[in-house]
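Read through the structure below, which is laid out as C-alpha cells, and then see the notes.
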Amino acid sequence: MNENLVPKDLRKEYTNKEILSIEQKYMIPAVTHYYQDPILIVGGEGALVKDNSGKQYIDLFSGICTKITGHHHPKFVATLKWQIDQLVYTSTLYSSIPYAVLSQKLAQIAPSGLTQTFIVNSGSEANESALFMAQKYKNNPYIVACTHAYHGRTQLTREISSAGWRTVPESHPPCVRFTPYGYCYRCSFGKIYPDCDMECARYLREVIRTQTNSAIAAFIVEPIQGVGGIIQPPPEFFQITYEIVKEYDGIFIADEVQTGFGRTGDHWWGIQNAKVNPDIITIAKGFGSGIPIAGFLTRPEYAAEYTTTDSFTTFGGNPLSCAAAVAVIEIIQEEQYLKKAIKLGEDFKRQLQTLKAHHKIIGDVRGQGMMQGIELVCDQVSKEPATQEMLKIMEICRQNGLFIGKGGIDGNVIRIQPPLELTHEQVEEACQILDIAFTEVEHTMQKGT
C-alpha cells in the first residue's frame, strides 16, 4: 500500500492535547470520554489496546462490548482488506455476495426456525425495525419492555428503555408498557430467590391484562441487561414470560445486541441458556466486531409481510460490513469461542467471588461467560450505590493498565465484556489490578468516616 495516498492529516502524529482541542472545538458535548484525562487510543492487539504514549491496557470492555474477536485479528483484517479491493459499497437494490453468504451463515447458527435476516446499521435500528414488524404482523400497537432495560437511542427505542438515560421530559407512547426485570439483588417485590415464585416474571400477565386490550404485539427483553448493570435473571424468568407472551398471542423478541455471538458461552445466543426459543433476535455490536452492522432474524411467517414500503436502509447490508460479519462468525467457530467463553468466564467469576469475600465495597458479582458484572455499594446491608467510588476505581484501574466499563441506573456497576481473545494470564492480571483499586478506595472510604 502506498501510504503517501493516505490523507496526511490522518498520518500525522498528534498529542492528547491537540486531539482534545479539536474535539472541543468541533464536536457536540454528546461525544464524551471516560476518565478525567481522556486517553488517545492508537492501536490494539488481541485483548490489549495501546495509547499514543505506547502504554498498553487490558481491554475488559472491548470498546462497548463490541470488539468480540479482539483487536487486529489476522483473519478479520485480511477479510476487510480483501473486500475493500473487491467492492466497498452497493445498496440492496442490487444483489451482493457478502449479504447472501452472511444471511445463509446466520440462518445456520440462529435459534430454531429463525431463517429470515434483515441487515441494518445499529442496535437501535435493529430493535426499531423488529418492533415495527411485530406491530404490523399482529396489527397491534402494544409493546412490553422491562425495567432497567436499554434498547437504543432512536425515538421508539428510547421510549422502551428505562436504564436511567432520560435527560429531558418525555412522555411514553400510548403503546409502551413496562414490567419488572428479574433483578434478584434488588428485587422489586422485596423477595429472595428461589423462595419468590418468580413474581417478577408472573407480573407480566398483570401488565397485559390491566394495561392493554389483553393482547400485545411484542415483548422485548435482554437475556442479560448490559447498560442496566449486567443483570441476569434466573432462567425461569424467561421461561415464564415466554409462556405468558404466547398466552396473549405476542411475539417474543430477545435483544441479543450485547449477549449474542457466544459472549455468554456454550451457545451463540444468550437466550438459549434459558432454553427459550424466541420469535425474533436482534443483533449488533459483536456482530461486526467494530465494523458497523446490525440486524434481526425472524421466522418466515413474520417476515413475509415486511416489505420495502415498510423499511429500507441505504447502508444496511453493504458488502464491507457483511464481509466483516462473515469473518466474525468463522473466527468464533474456528477459535472455539463458545467453549472458551464459558470456561474462562467461570474462572473469571471464581476470582471475582474471591475478591468479593475480601472487599466490602462489592455487593454482588453476577453474569455469565464473558459478560460479568460487579455491583459496588457503600454498605452491604443498605446496598447504597457506590457511584462516586466507581469513578475512582475506574481511574485507578486505568493508571494500572486496565479498562473497565460502567453501568447500572446509578452508575455503580463494573461491566466486564472483553474481547473473546482474552487470555487466562490477562484475567489474573486484571483481578490483581481490581484488588488494588478496591483496596485503595476502601481505605479512602474508611478515612472519610
Next on the checklist: Can you tell me which of (1) modelled with pLDDT under 95; (2) over 17 Å from the mean Cα position of the chain (by Cα); (3) of a type in the set (Lys, Arg) is the one residue 186 doesn't meet?
Outcome noted: (1)
Next on the checklist: Among the residues of region 280-303, are any over 20 Å from the mean Cα position of the chain (by Cα), hydrophobic (A, V, I, L, M, F, W, C) and in the same structural domain as residue 133 (by TED's automatic domain parsing)?
Outcome noted: yes
Checklist entry - Just one of 130, 149, 145, 163 is in the same structural domain as residue 225 (by TED's automatic domain parsing) and in a helix (DSSP H, G or I); which is it? => result 130
Checklist entry - Would you call residue 153 more than 18 Å from residue 293 (Cα to Cα), within 21 Å of the chain's Cα centre (by Cα) and of a type in the set (Lys, Arg)? => result no
Checklist entry - Just checking, how many residues over region 347-376 are of a type outside the set (Val, Ile, Thr) and either free of Cβ contacts under 8 Å to residues at least 24 places away in the same chain or outside the structural domain of residue 422 (by TED's automatic domain parsing) (or both)? => result 5
Next on the checklist: Give me the residue from region 245-297 that is surrounded by 24 or more Cβ atoms within 10 Å (Cβ to Cβ) and of a type in the set (Ser, Thr, Tyr) and, out of that set, nearest to residue 336 (Cα to Cα).
Outcome noted: 264
Checklist outcome for this item: For region 93-117, the count of residues that are outside any helix (DSSP H, G or I) and within 18 Å of residue 284 (Cβ to Cβ) equals 5
Item to check | Criterion (surrounded by fewer than 16 Cβ atoms within 10 Å (Cβ to Cβ) and either basic (Lys, Arg) or at negative phi (or both)) met by exactly one of 384, 421, 375 | outcome: 384
Next on the checklist: I'm trying to understand the selection: among the residues of region 1-41, which are of a type in the set (Ser, Thr, Tyr), part of a helix (DSSP H, G or I) and surrounded by 12 or more Cβ atoms within 10 Å (Cβ to Cβ)?
Outcome noted: 21
Item to check | Of residues in region 196-216 being out of contact with any Cys (no Cβ under 8 Å at 6 or more places or on another chain), part of a loop (DSSP other than H, G, I, E, B) and of a type outside the set (D, E, K, R), the one surrounded by the most Cβ atoms within 10 Å (Cβ to Cβ) | outcome: 216
Checklist entry - Being outside the structural domain of residue 420 (by TED's automatic domain parsing), of a type in the set (Ser, Thr, Tyr), more than 21 Å from residue 256 (Cβ to Cβ) and in contact with a helix residue (DSSP H, G or I) (Cβ under 9 Å, 6 or more places away or on another chain), is that true of even one residue in region 95-118? => result yes
Next on the checklist: Given the condition among the hydrophobic types (A, V, I, L, M, F, W, C), surrounded by 13 or more Cβ atoms within 10 Å (Cβ to Cβ) and assigned to a helix (DSSP H, G or I), answer yes or no: does some residue in region 51-62 qualify?
Outcome noted: no
Next on the checklist: Any residue that is surrounded by fewer than 23 Cβ atoms within 10 Å (Cβ to Cβ), out of contact with any helix residue (DSSP H, G or I) (no Cβ under 7 Å at 6 or more places or on another chain) and either among the small types (Gly, Ala, Ser) or assigned to a strand (DSSP E or B) (or both) - is there at least one of those in region 439-448?
Outcome noted: yes
Checklist entry - Given 345, 316, 363, which one is surrounded by 22 or more Cβ atoms within 10 Å (Cβ to Cβ), under 20 Å from the mean Cα position of the chain (by Cα) and not in a helix (DSSP H, G or I)? => result 316
Next on the checklist: Return the residues of region 217-239 that are assigned to a helix (DSSP H, G or I) and surrounded by fewer than 23 Cβ atoms within 10 Å (Cβ to Cβ); say none if nothing qualifies.
Outcome noted: 235, 236, 239
Next on the checklist: Looking at region 63-92 only, could you name the residues that are assigned to a loop (DSSP other than H, G, I, E, B), within 30 Å of residue 407 (Cβ to Cβ) and among the β-branched types (Val, Ile, Thr)?
Outcome noted: 66, 68, 69
Checklist entry - Among (1) among the hydroxyl-bearing types (Ser, Thr, Tyr); (2) touching a helix residue (DSSP H, G or I) at 6+ places or on another chain (Cβ under 8 Å); (3) within 24 Å of residue 276 (Cβ to Cβ), which single condition is residue 154 missing? => result (3)
Checklist entry - Is it fair to say residue 428 is modelled with pLDDT of 95 or more and not assigned by TED's automatic domain parsing to the domain that holds residue 283? => result yes
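The values are calculated or read from the model by the stated rules, or taken from the named source; none is laboratory data. The shown structure was predicted, so the numbers you read here are calculated from the model rather than taken from an experiment. Heads up, the Cβs are rebuilt from the backbone with ideal geometry, glycines too, and the neighbour counts pull from every protein chain shown.
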